[in-house]
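First comes the structure, then the notes that go with it.
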Amino acid sequence: MLENLFSESVFQRFRVGPLAHYLNTFTAQLSERGYTKSSMKQKIRLVATFSQWLHQQHLGVNELKKEVLDNFIGYQGTPDPVRRGDLATLRLLLQHLKGKDVISSSTVEIEDNPFHHLEHGFAQYLSQERGLSPATLTNYIPLVRRFLSDRFKTDRIQLNELRPSDVTAFILRYAQSVKRSTAKLMVTSLRAFFRYLYVRGEITTDLAEFVPTVSNWRLSGLPKSLETDQIASLLKSCDQNRKVGQRDYAILLLLARLGLRAGEVVAMELDDINWEAGEFIIRGKGPRSDRLPIPCDVGEALAIYLQHARPCCSTRRVFVRIKAPCQGFSSSVAICNIVQRALVRAKIETCHKGAHLLRHSLATNMLREGASLAEIGEILRHQLPNTTELYTKVDIISLKSVAQPWVGGEI
């Protein structure tokens with residue numbers, strides 16, 4: 001495959017160093033992930049330069065340690081120094097070599113920040129010892145990183161320097177700039193993180209006890225929703241003459257018609273769809289999974305996307321990135337961003353812009369059309385009936401029937 005990208009003379013120059021043997025397979029992987037020829041050329045040139053540098057240093061593939069990678073990144077002797085984006089290429093290379101069993105899984109990866117190892121250990125604790133889902137890890141880890149970055153900046157982490165005052169001061173500052181639900185998630189994340197540190201003996205005081213509580217009472221707010229005509233405008237804003245428009249239209253339909261959560265859309269796989277039975281499997285919170293029927297308009301949108309817009313790639317995820325690397329979305333944030341962009345295109349002003357807005361809209365509009373709370377709970381797949389109680393607050397007709405006369409008002 002390299003012969004199709006470079007001339008024979010350039011190709012021969014690349015055949016130097018311990019990585020030369022893997023350039024063809026690495027190029028094939030880049031092509032499979034949807035990279036353009038120009039991007040592939042840039043990445044292969046970097047790997048070839050890295051291979052030549054390893055040869056000069058008399059190093060083999062089995063010696064790819066953190067120090068070796070750091071030395072190459074900081075190497076200034078080449079006329080083409082490491083550019084922005086090259087770190088991602090080196091990460092892809094390491095993943096490729098691990099997939100080929102060329103290097104062990106214990107080989108140190110390039111770190112994005114000084115908190116990498118601490119976060120990795122915390123993530124393992126959450127998934128392996130507490131059995132939390134990947135979606136929970138996606139929520140917890142960035143919040144813990146934010147606390148660590150605020151406390152230690154770019155300095156070396158000294159966990160023994162953490163004090164209760166550091167925790168309370170951070171929470172008080174953070175809670176003033178975000179929604180109460182987000183602040184509450186931060187509090188939950190930090191409690192779990194401090195318990196992890198305490199159990200591991202990293203800190204001598206259980207700082208989880210000093211994390212302040214953020215008040216966020218159930219049913220204290222109103223569910224935010226869109227009107228039926230606004231949802232129609234949202235769907236119409238997707239340009240279905242473009243691949244990205246076909247993908248986004250199918251995603252928005254799943255959110256609006258079935259009330260799926262963003263994480264459930266991210267986790268959908270091709271094998272979850274049973275076209276003959278007209279249903280698909282939805283992987284909800286934790287280990288739970290449900291079977292839902294595929295409405296006609298949703299099925300049609302999915303079929304168009306899969307046939308004409310979905311890139312050819314190895315991942316089994318239904319929804320993937322249009323641009324390389326062609327892989328599934330890394331988190332539910334990508335789905336929320338799709339909703340936000342659609343709201344901007346449709347010129348819809350709302351204080352809530354995430355994917356859950358369409359889930360609330362489905363429930364609210366069902367209630368207005370006469371659906372019972374039990375029916376809404378079944379559609380939204382609520383495990384507990386009281387979870388659906390929030391929507392009683394938007395049932396104005398029923399509320400009027402039980403409202404008491406206002407003292408001093410008209411009789």
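Summary table
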read-out: Prolate/oblate/rounded call for segment 112-206, Cα gyration tensor, a/c under 1.5 rounded; value: rounded
read-out: Computed E for A374/E227 - FRET, C-beta separation, R0 25 angstrom, nearest 0.05; value: 0.55
read-out: Inter-probe distance in nm under a simple model that places probes 7 Å from Cα toward Cβ, at D206 and H117; value: 2.7
read-out: Net length gained if the chain between S181 and S289 were fully extended (0.36 nm per residue, minus Cα distance); value: 36.3 nm
read-out: Cα-based equivalent ellipsoid, segment 228-398: semi-axes from gyration tensor eigenvalues, Å; value: 26, 19, 14
read-out: Greater than 28 Å apart at Cα, pairs in K43/K65; K100/K323; K41/K100; K37/K285; K100/K285; K41/K153; value: K37/K285; K100/K285; K41/K153
read-out: Square roots of 5 times each gyration tensor eigenvalue, C-alpha, segment 160-302, largest first, Å; value: 42, 20, 14
read-out: Given charges at Cβ of Lys, Arg, Asp, Glu: segment 194-352 dipole, positive-most of F280, V199, S237; value: S237
read-out: Proxy reagent accessibility, fewest Cβ within 10 Å first, across F319, F115; value: F115, F319
read-out: All lysines inside 16 Å of K224 as judged from Cα atoms, apart from same-chain residues fewer than 8 positions distant; value: K179, K353, K393
read-out: Cβ-Cβ FRET estimate between V68 and Q42, R0 fixed at 22 Å, reported to 0.05; value: 0.50
read-out: Label zone at V199, where the point sits 7 Å out along the Cα-to-Cβ direction: segment 124-166 residues whose backbone N lies under 12 Å; value: 124-132
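Each reported figure results from applying straightforward, stated rules to the coordinates on display, with no laboratory input. All values derive from a computational prediction rather than experimental measurement. Note that each Cβ is placed from the backbone with ideal geometry, even for glycine, and that neighbours are counted across all protein chains shown.
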